[in-house]
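The values are calculated or read from the model by the stated rules, or taken from the named source; none is laboratory data. As the structure is a prediction and not an experimental result, all values here were calculated from the model. Please note: Cβ atoms are built from the backbone with ideal geometry, for glycine as well, and neighbour counts cover all protein chains shown.
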Amino acid sequence: MREYFEAGVRRAHQVPTLSACAVELIGHRSVVLSNGPDLVTLTRDQDGLLPGGIGLATEAFESVRAVLAGLDGGRSAPSWLGDAALPVSTDLTLLPGRVLPEALAELTDLLHAGESGAGLIDAGPLRSRAAGLVPALSHPQWARRELTDLIGVGPGTTPSGDDIVVGAIAGLVLTGRRRELNMIGGLVSGLLLRTTRTSQHFLGWALRGHFASTVLAVADGLRGVTPLAPAVTELRGWGSSSGTDLLHGLLGVLSAPRLAKDGVA
């Protein structure tokens, strides 16, 4: 089994040691391990690499997932997991860059064209709040109210409101809005206990400028470096709605009048 784990592995920047990990969550497309206050998320390479996580070839992921699924919740992971040699890390830092107007228009069309019905839970009202985040960041009380209505709100291991905020933070990083980032960072840090541990993990990485490889691919598409549509499709496939919620948060920030006017050279 150890050889399965070591085959085709890649890891994100700053992955905690795996020697003392315990099983936190077994999902269909990810496995979450805990190491004290830190989480390590195992995913298939085709689903993208997550901050603080490890990506495995599909066969390796399914094999490791099957072994870990046989353990009781909270049980320590097998010793071979901690002993496995991990390769050089992958930097998942999002850097500021100029968003092309035509790419932003394409993102808007792609996102709205792929919208489905509300389903059991309509995330539309939450997603509509994304556009109000940037104006609210001009005043701490307004910003706190907006974030309180989003953090921890919605279903899932990462609630929809949290995914929207992660997308909004990505938009602020991409457009180089340092003042707004400092504001949202201080407020989100004070609201983390309202949400799940997994969301705390991803929000924390976002505030440090680290995002999933699928988010970085969308950013490259918005800069015109690579095609945008395939990256959007890939990100939308993450979770039942997480990728789509994140994209709404990103679009809300990028479409805000102040950002459209100021831009980033």
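Would you kindly identify the strands (runs of 3 or more DSSP E) lying entirely within the range 16-71 that contain at least 3 residues that are surrounded by 15 or more Cβ atoms within 10 Å (Cβ to Cβ) and either without any contact (Cβ under 8 Å) to a residue 40 or more places away in the chain or acidic (D, E) (or both)?
Details: elements: 22-26, 30-35, 38-44, 54-56.
The strands (runs of 3 or more DSSP E) meeting that bar are 30-35, 38-44.
Looking at T158 and the list (1) more than 22 Å from the chain's Cα centre (by Cα); (2) modelled with pLDDT of 80 or more, which single condition is not satisfied? Failed condition: (1). How about the range 125-141: which of its residues are among the basic types (K, R) and outside any loop (DSSP other than H, G, I, E, B)? Correct list: R127 only.
Out of all the residues in the range 20-56, which are among the charged types (D, E, K, R) and over 19 Å from T214 (Cα atoms)? Break it down into steps so the answer makes sense when it comes.
Start the filter on the range 20-56 by keeping residues that are among the charged types (D, E, K, R), which leaves 24, 29, 38, 44-45, 47.
The answer is E24, D38.
Per this entry, G209 is counted among residues that are surrounded by fewer than 19 Cβ atoms within 10 Å (Cβ to Cβ), among the small types (G, A, S) and touching a residue at least 60 places away in the same chain (Cβ under 8 Å).
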